[in-house]
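Step one of this worksheet: look at the structure below.
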Amino acid sequence: MIPMVMLRLILVLVVILTELYAKETTQDFISKYNKYNTVCRGMGYKTKSCKGRDHGIVAFHARTSSSLQTLGSQAVVVFGKITLNSGSAYNSNTGIFTAPTDGIYSFTWTILTNIGSYFNTQIVINGKLVGYNLADGKSGSSQHESSSATAVIRMKKDRVWIRTHGQDGKYAYASWSSFSGFQL
């Protein structure tokens, strides 16, 4: 049980705190919000809109719409079946993502290849190599092989795509191979 003196002290504190915060008007709240917002913008944070939760969000996910076979060296891998394209930055006809704004972006791509085959890829920014991914079903496996890779890239309205590496891309399954990305 709480002693009566403690109970009275707690009650007085609750009344005082209620009085302090109850006198804040809507204008006071807006003024405080604007001050905090100014400080945050000064630190580099962007103001977000309350209208439509995905306003300004850049993110995409696409899968291969058909199996890819014997693509030539440095051929663009086109992931033609879009499941998400917020910001409309990924082109499913060309396989190229174009950053609409400067920033840091994260990309992941997964390739599933056939038994006895392989599919060797790279991610490039404006044609410059960033990373590799090899789905190798030739190394004695009796199963389909998949491989995924991720690249985090600083971009200035640049273009990014996945391309074959080495001699060619032998085989990638339809719908099981994918490419996705989003702005951090």
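The values are calculated or read from the model by the stated rules, or taken from the named source; none is laboratory data. Bear in mind that the values here come from a model prediction, so they are computed numbers and not experimental data. Using ideal geometry, Cβ is built from the backbone for each residue, glycine included, and neighbour counts are taken over all protein chains shown. The protein model used for the area step is the full one, side chains on, heavy atoms only, and it has no ligands, DNA or RNA in it. Shrake-Rupley method; radii C 1.70, N 1.55, O 1.52, S 1.80 Å.
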Checklist entry - List pairs: first in the range 139-159 and at pLDDT 85 or above, second of a type in the set (A, V, I, L, M, F, W, C) and not in a strand (DSSP E or B), Cβ under 7 Å, 6+ apart or cross-chain? => result MET155/ALA99; LYS157/ALA99; ASP158/ALA99
Checklist outcome for this item: Checked against (1) closer than 30 Å to ARG154 by Cβ; (2) in a loop (DSSP other than H, G, I, E, B); (3) modelled with pLDDT of 70 or more, PHE97 satisfies every condition except (2)
Checklist outcome for this item: When the range 118-136 is checked residue by residue, the ones that are open to solvent by less than 20 Å² (accessible area, probe 1.4 Å) and not β-branched (Val, Ile, Thr) are PHE119, GLN122, GLY131, ASN133, ALA135
Next on the checklist: If I filter the range 77-87 down to residues being under 12 Å from SER65 (Cα atoms) and not charged (D, E, K, R), which single residue comes out as surrounded by the most Cβ atoms within 10 Å (Cβ to Cβ)?
Outcome noted: PHE79
Next on the checklist: Looking at TYR90, TYR105 in this structure, which one is of a type in the set (Ser, Thr, Tyr) and closer than 19 Å to THR64 by Cβ?
Outcome noted: TYR90
Next on the checklist: So in the range 88-97, with the set limited to residues that are in contact (Cβ under 8 Å) with a residue 12 or more places away in the chain and over 14 Å from the mean Cα position of the chain (by Cα), which one is surrounded by the fewest Cβ atoms within 10 Å (Cβ to Cβ)?
Outcome noted: ASN93
Checklist entry - Restricting attention to the range 98-112, which residues are at negative phi and either in contact with a Lys or Arg (Cβ under 7 Å, 6 or more places away or on another chain) or open to solvent by 10 Å² or more (accessible area, probe 1.4 Å) (or both)? => result THR98, ALA99, PRO100, THR101, ASP102, ILE104, SER106, THR108, THR110, LEU112
